[in-house]
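Chemist: Before I ask anything, let me first share the structure, which is written out below as structure tokens.
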Amino acid sequence: MRKTILAGILVLALGPLTAQAGLVRVNFTVTATDGPLNGQSSTGFFTYDSSIAPPGGDFVADPALTELSFLWGGILYDETTATWTQGSFDSSGAVTNFALCTNNRDTGGSGCSSGSPSETGWTLFTSSFQYTDPTLSSPTTDCDYGLFGTTDGCYGGSVTWEIAVPAPAT
């Protein structure tokens, strides 16, 4: 009886125990569908702390990357050389939409670009991949979303992705 009362007091004092946030890993594969790297594929991943997802799900501008690993065009990118500019989450906290890029033009979740004519870069969206490389061509305009495949030096690709929960230890 005494143990039951003590357990009851602890539950009241501490409140309900909530699930702890953890790392979520998103694996992805991109394939260039035009341009000089047409047909080339690469895999990568990024991780985020699930605590950044709003309760009930919603849009988050400039969410924090915990880790990123992606090799493209002979360059290995990580969380210090690319930015996660926007993410949307469902009610369980799983990412449903994202945009990552090497050239963040502004903050507030809408600044992703793959670069200007003098930059090497890429943008990874939930449903598309875009890249530029001034050593392969010389574009005459900024390679923002929608210009890929229509402007010299701005190229497109496809992406597939999956969530691996929890994130494996690296």
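The values are calculated or read from the model by the stated rules, or taken from the named source; none is laboratory data. Every value quoted in this text rests on a predicted model; they were computed, and no experiment measured them. Every residue, glycine as well, gets a Cβ built from its backbone with ideal geometry; the counts of neighbours run over all protein chains shown. We work out accessible area using only protein heavy atoms, side chains counted, and drop any ligands, DNA or RNA first. Shrake-Rupley method; radii C 1.70, N 1.55, O 1.52, S 1.80 Å.
Chemist: Counting Lys and Arg as +1 and Asp and Glu as -1, what is the net charge of the other residues whose Cβ lies under 15 Å from the Cβ of residue 65?
Modeler: Working: positive: 25; negative: 49, 62, 67, 78, 79.
Its environment carries a net charge of -4.
Chemist: Ordering 122, 161 from largest to smallest accessible area (1.4 angstrom probe), what's the sequence?
Modeler: Of 122, 161, the descending order of accessible area is 161, 122.
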